[in-house]
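Working notes, structure below.
The values are calculated or read from the model by the stated rules, or taken from the named source; none is laboratory data. Predicted, not measured: the structure shown is a model, and the values here were computed from it. FYI the Cβ positions are ideal-geometry reconstructions off the backbone, even for glycines, and counts take in every protein chain you see. These accessible areas exclude ligands, DNA and RNA; they are computed on the full protein's heavy atoms, side chains included. Shrake-Rupley method; radii C 1.70, N 1.55, O 1.52, S 1.80 Å.
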Amino acid sequence: MLEEMPFPGSLRGKSHPDKMLIDHLRGVERTIGEIARWHEFEVDPKEIAVIALSHDIAKEHPQFQKHLCNPRVRYSHAGPSSFFTLQQSGNLFLTELVRNHHGQFQNIDAVRNYWFSRDIEDIGEAMEAVLPGYKLSETKFHTFLDHLLQTGWDEEDWYRARLLASMLTTADRMDAMNLEPFRYEKPERKLTYAQITSALPPSDISRWRKQLAQAVLDKVNKMENGGMYTLSLPTGAGKTLLGIEAALRMHPKTIVYCLPFISIVDQVSEIAQNLFPKVQQDHYLIEGENAFIQAYRYWNEPFIVTTFAHFWEILYSPRMNDTMNFHRLKDAFVILDEVQSIPSDYWTGFGKTLQFLSKKMNTTFLLMTATQPEIIEGIELSRPVAALSRSPAPSRYTVTRVGRAPLETLPSLVPQSGSGLVILNTRQSALSAYRMIAQEERDRKLFFLSRWVTPEDRSHRLTNVKKCLEEGYECLLTATQVVEAGIDLDFQWVIRDMAPLDSIVQAAGRCNRNRSASLGKVYVPEFITEKEHPFTSYVYDSRHLSATRKTLPESFSEKESAPLIRQYYQELRQAVSQTGAWYDITIGNWGNRYSLIRKRIPEALVLIESDGHVHDLFEQIRTLSKDYKSLDTRKRLWNRLQRHAIDVSNELMQNWIRETNSFLVDETCPAVEELEEGIYIVRSQGVGEIYNEETGFAVPPSSKEEAEFE
């Protein structure tokens with residue numbers, strides 16, 4: 001309790017405009033306690049009391065009290081608050097946690113530089129300005145510095161610091177928004193696995209899936225909590241339901257289902273909502289009803305469907321706000337689906353992180369994919385690939401390597417009948433391919449998808465493609481890699497521009513997925529530009545392509561894909577040096593950032609005025625205050641806005657501005673405009689030329705050559 005701390009019990013200030021400081025400190029302590037109790041963390045209650053009751057103590061300073069009435073008056077409270085944490089505990093981790101609780105972790109050298117540049121007299125003056133008569137003991141400060149100089153940080157220290165940061169940050173933000181601690185619940189199902197599968201119509205594919213599922217479920221019954229597992233099954237084998245069933249049989253506190261793309265998050269969420277009464281769909285485009293969850297993407301439900309990008313930030317981001325869900329991994333079952341999407345130079349470190357957390361937090365990890373990389377040494381839940389031989393048809397497709405060819409030859413490769421998928425490596429080559437196909441095609445319905453199509457339009461497009469396929473109408477979809485993994489589409493043939501072998505196999509998984517045809521056909525040309533550069537070289541790492549070229553035969557069938565994938569990953573292991581956050585974690589460099597999504601060229605956000613409200617939404621965001629009260633509203637509006645947004649290079653947008661500088665809407669507004677640095681808008685009159693509803697963003701005529709690699 002605060003009264004037991006050596007701080008004077010006469011705090012009179014406020015922490016927020018509507019809350020007394022003493023009430024906020026007590027509220028944070030209570031919320032951390034509730035989080036720790038439900039998740040059954042063995043944490044020292046004295047440490048919780050210290051960080052909770054000191055983290056905002058410097059808000060008592062007169063300058064901060066003035067700031068609450070006049071935001072122009074500035075006072076940074078976190079640093080001075082940490083002086084009180086240091087005096088009370090002498091603990092480096094607790095002190096640093098409080099000092100950075102509105103910022104981010106720092107590397108150990110930066111921490112040393114900060115504290116060794118502090119003067120004991122200056123610290124004392126800062127503390128007395130907050131609470132008169134209170135100073136830091138000189139002996140304690142020098143002992144602290146001696147320890148800081150001699151100590152090193154490792155993964156055990158990282159875990160302790162990140163866990164405390166997770167609970168403090170969550171409790172602090174919740175109490176600031178006047179929220180009571182959440183009442184967490186464990187996952188409860190509405191339907192059993194038998195009920196779900198019995199409803200499926202009998203067919204060759206359902207019998208095949210049933211054979212595979214039974215072998216998996218036999219092993220699932222032998223799983224242990226806190227274990228590391230893999231599930232390697234071909235596309236269309238029913239991994240999603242099997243993964244969820246495996247999780248349920250372990251009776252975890254929480255199930256977290258992670259996927260590489262938002263489109264698949266939506267797809268898996270639909271499945272989960274049929275199985276569970278409470279499912280939280282978590283990605284940046286989701287609009288939630290709870291202001292706290294909307295603002296911070298906090299996981300409060302028993303079943304979470306999220307993205308790899310967010311899961312990665314929870315593990316590795318130095319930002320305090322990104323740690324908030326870290327404690328939710330305790331006793332959880334985490335499913336990582338399509339895990340081959342993790343960059344190969346991160347595999348070893350990522351695997352070591354999962355292994356470490358499985359022991360520290362009793363977290364069970366299941367890595368699922370048709371193309372399983374060597375990330376962990378886990379127990380495989382599926383039977384050997386030979387199990388496929390029990391199916392009515394050993395292979396659903398064959399893959400044929402075509403060789404190098406100009407993109408202009410694509411129409412000659414397109415089969416004259418059947419529904420098909422054409423996947424290109426760059427947005428510009430996909431658009432060129434679509435236009436070439438459109439000139440030749442007369443009977444089949446055509447669709448186009450790339451990341452130059454807004455999320456709103458992509459969602460409608462995928463729905464229309466699925467409807468077309470399900471109703472038996474022939475169609476052709478030309479796309480970039482946005483349809484490569486996890487999307488439940490079933491075509492009779494696929495053309496996939498040269499790519500790493502795992503990407504080729506993933507693309508092949510969209511071919512004859514449900515065994516509706518006798519044998520699907522997958523063709524792998526290597527399209528080249530007019531200067532004879534392969535398009536694939538603009539997108540993929542040369543080491544991945546080299547390993548693929550060494551491994552990829554002239555042709556192979558589905559049943560031969562697993563040994564080829566193993567050979568490919570062995571080649572890749574030898575070629576790719578391992579890096580990533582884990583190696584920094586073990587030496588105390590916790591302030592470095594490792595992004596899961598790597599962009600070669602900085603891109604701007606481009607808003608598409610497709611419904612007449614996009615610019616109004618942006619203006620609403622600009623007029624909002626920057627304080628915590630408007631955080632929920634800002635996030636909600638941004639999420640709505642980003643459904644109508646794409647990423648395009650600044651250079652291409654500047655070229656459009658130059659080419660349309662005399663093309664005005666209502667004689668005052670340009671068709672395309674830079675609203676602020678890095679944010680553009682294509683107004684309604686530019687829709688059609690700059691952004692086409694059928695094909696998305698159009699490259700300016702003056703930029704055709706430089707946009708070849710886009």
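Rounded to the nearest 5, what % of the DSSP beta bridges within the chain are antiparallel ones?
25
When ligands, DNA and RNA are left out and all protein chains stay put, how many square angstrom of accessible area per residue does the range 180-339 have with a 1.4 Å probe?
Working: 5920 Å² over 160 residues.
Result: 37 Å² per residue.
Using a 1.4 Å probe over the heavy atoms of the protein chains, calculate the carbon and sulfur portion of the accessible area of the chain as a whole percent.
Numbers: 14160 of 29810 Å².
Ligands and nucleic acids excluded, carbon and sulfur reach 47 percent.
Given a 1.4 angstrom probe, what's the average accessible area per residue across the range 97-154, in square angstrom? Don't skip to the end; give the middle numbers.
On the way: 3090 Å² over 58 residues.
Spelled out: the 1.4 Å probe surface of the range 97-154, per residue, equals 53 Å².
Can you pull out the trypsin sites (Lys or Arg not before Pro) in the range 135-187 whose DSSP state is coil and whose Cβ has at most 15 other Cβ atoms within 10 Å?
Values: sites: K135, K140, R160, R162, R173, R183; in loops: K135, R183.
Filter output for the range 135-187: R183.
So how much accessible area does M436 have, in Å² to the nearest 10, using a 1.4 Å probe?
40
Expected output is a single nm value to one decimal: the length gained when fully extending between D204 and S459, i.e. 0.36 nm times separation in residues minus the C-alpha distance. What is it?
Working: separation 255, 0.36 × 255 = 91.80 nm, distance 3.03 nm.
Gain on extension, D204 to S459, equals 88.8 nm.
Test of understanding: extend the Cα→C-beta vector of F116 to 7 Å, then name every residue of the range 154-173 with backbone N under 20 Å from that spot.
Hits in the range 154-173 for F116 at 20 Å: 154.
When all protein chains stay in place, what accessible area (Å², nearest 10, 1.4 Å probe) is found for Y397?
Around 10 Å² of this residue is reachable by solvent.
Could you tell me which trypsin sites (Lys or Arg not before Pro) in the range 49-124 are loop residues by DSSP with no more than 14 other beta carbons within 10 angstrom of their beta carbon? Display every interim value, and only then the final one.
Numbers: sites: K59, K66, R72, R74, R99, R112, R118; in loops: R72, R74, R118.
When the trypsin sites (Lys or Arg not before Pro) of the range 49-124 are filtered for loop state and at most 14 Cβ neighbours within 10 Å, R72, R74 remain.
If you count only protein heavy atoms and use a 1.4 Å probe, how large is the accessible surface of S341, to the nearest 10 Å²?
So the heavy atoms of S341 present about 50 Å² to solvent.
From largest accessible area down, sort Y568, Y114; use a 1.4 Å probe on the protein chains. Mind dumping the intermediate values first?
Details: Y568 0, Y114 55 Å².
Largest accessible area first, the residues go Y114, Y568.
List the trypsin sites (Lys or Arg not before Pro) in the range 557-656 that DSSP assigns to loop (not H, G, I, E or B) and whose Cβ has at most 13 other Cβ atoms within 10 Å. Which are they? Before the final figure, lay out each step's value.
Values: sites: K559, R566, R573, R593, R598, K599, R600, R622, K626, K629, R634, K635, R636, R640, R643; in loops: R593, R598, K599, R600, K626, R643.
Answer in residue order: R593, R598, K599, R600, K626.
When the C-alpha atoms of the chain are aligned to their principal axes, what extent does each axis show, in angstrom, from largest down?
Computed over the Cα atoms, the extents are 87, 71, 46 Å.
Taking the Cα centre of the chain as origin and charging only Cβ (+1 Lys, Arg; -1 Asp, Glu), how large is the dipole, in debye to the nearest 20? Numbers along the way, then the final one.
On the way: 81 positive and 95 negative charges, 390 e Å.
Around 1880 debye, computed over the chain.
A 19 angstrom limit on the alpha carbon distance is what I want to check against. Which of K19/K66; K445/K466; K14/K66; K190/K330; K239/K445 exceed it?
On the way: K19/K66 15 Å; K445/K466 12 Å; K14/K66 10 Å; K190/K330 24 Å; K239/K445 31 Å.
Checking Cα-Cα distances, K190/K330; K239/K445 exceed 19 Å.
What residues from the range 159-174 fall in the zone where the backbone N is under 20 Å from a label point 7 Å along the Cα-to-C-beta line of L68?
171-174
To the nearest 0.05, how large is the calculated FRET efficiency for D154 and K46 if R₀ is 22 Å and r is the Cβ-Cβ distance? Spell out each step's value before the answer.
Working: r = 23 Å, r/R0 = 1.05.
Plugging the Cβ-Cβ distance into 1/(1 + (r/R0)^6) gives 0.40.
Percent of Cα-Cα pairs more than 19 Å apart in the range 43-181, please. Could you put the intermediate results ahead of the total?
On the way: 5033 of 9591 pairs.
Value for the range 43-181: 52 percent of Cα pairs lie more than 19 Å apart.
So if I take the centroid of the Cα atoms in the range 405-429 and the same for the range 10-40, what is the distance between those two points in Å?
A separation of 60 Å, based on Cα centres.
Need the C-alpha centroid separation for the range 437-463 versus the range 132-182, integer Å.
Centre-to-centre (Cα) distance: 52 Å.
Quick one: which residues, 5+ away or cross-chain, put their amide H under 5 Å from the amide H of I379? H built at 1.01 Å from N.
Residues meeting the criterion, in which the H sits 1.01 Å from N, are M228, Y229, T230.
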